[in-house]
Amino acid sequence: QVQLVESGGGLVQPGGSLRLSCAASGNIVSINAMGWYRQAPGKQRELVAQINSDSSTGYADSVKGRFTISRDNGKNMVSLRMNSLKPEDTAVYYCNVPLILTDKGFEYDYWGQGTQVTVSS
């Protein structure tokens, strides 16, 4: 069974920074894409950033230039560095892995438990 465990959320003032991390564990052979989503109260969950196994990345327009996604393939970890945070970045942030190859075959759409990020003065 694969698990995704997130860490790093919290309360930060506008303009501040936070770093989120997500570690995947279990009988993992390989992971292709890894990503971060967020969901603010009353809004739909949205993709924030994604990184592929070749380290190519994609970002939502709202976070380009402020957030940086990275990964450590050897540790099956993905991180999200968030700079110049704004109140509108307040949300629960979720780690997502859409496809994992395990020793039992392909498994789909794993999510972390979510970590709260609050940007407020």
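The values are calculated or read from the model by the stated rules, or taken from the named source; none is laboratory data. A quick note: this is a predicted structure, and the numbers were derived from the prediction, not measured. Cβ sites come from the backbone with ideal geometry, for glycine too, and all protein chains shown count toward neighbours. For the accessible areas, the whole protein counts, side chains as well, though only heavy atoms, and no ligand, DNA or RNA atoms are used. Shrake-Rupley method; radii C 1.70, N 1.55, O 1.52, S 1.80 Å.
Laid out as a table, the results:
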item	result
Close pairs (6 angstrom Cβ cut-off, 6 or more residues apart or separate chains): farther than 18 Å from Y37 by Cα in region 87-106, small (G, A, S) and assigned to a strand (DSSP E or B) anywhere	L101/S30
Identity of the residue in region 104-121, farther than 17 Å from V5 by Cβ, at pLDDT below 95 and in a strand (DSSP E or B), that ends up farthest from the chain's Cα centre (by Cα)	G105
Search result, residues across region 28-41 that are modelled with pLDDT under 95 and either among the hydroxyl-bearing types (S, T, Y) or over 16 Å from D72 (Cβ atoms) (or both)	V29, S30, P41
Exclusive hit being free of Cβ contacts under 8 Å to residues at least 40 places away in the same chain and of a type outside the set (D, E), set G74, G112	G74
First in region 15-38 and closer than 23 Å to D54 by Cβ, second anywhere and open to solvent by less than 30 Å² (accessible area, probe 1.4 Å) and charged (D, E, K, R), Cβ under 9 Å, 6 or more apart	L20/E6; S21/E6; C22/E6; A23/E6
Extreme residue, nearest to T115 (Cα to Cα), among residues of region 47-83 that are in contact with a helix residue (DSSP H, G or I) (Cβ under 8 Å, 6 or more places away or on another chain) and open to solvent by 20 Å² or more (accessible area, probe 1.4 Å)	S62
Qualifying positions in region 12-27 - within 16 Å of G112 (Cα to Cα) and part of a loop (DSSP other than H, G, I, E, B)	G26
All positions within region 84-103 that are at pLDDT below 95 and either under 16 Å from S55 (Cα atoms) or surrounded by fewer than 16 Cβ atoms within 10 Å (Cβ to Cβ) (or both)	P98, L99, L101, T102, D103
Residues of region 1-22 satisfying the condition of being more than 12 Å from L80 (Cα to Cα) and within 15 Å of the chain's Cα centre (by Cα)	Q3, L4, V5, G10
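One line per residue, one yes/no per condition, for (1) more than 16 Å from V92 (Cβ to Cβ); (2) open to solvent by less than 70 Å² (accessible area, probe 1.4 Å); (3) within 15 Å of the chain's Cα centre (by Cα):
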position	(1), (2), (3)
A24	yes, yes, yes
V29	yes, no, no
A33	yes, yes, yes
Q39	no, yes, yes
R45	no, no, yes
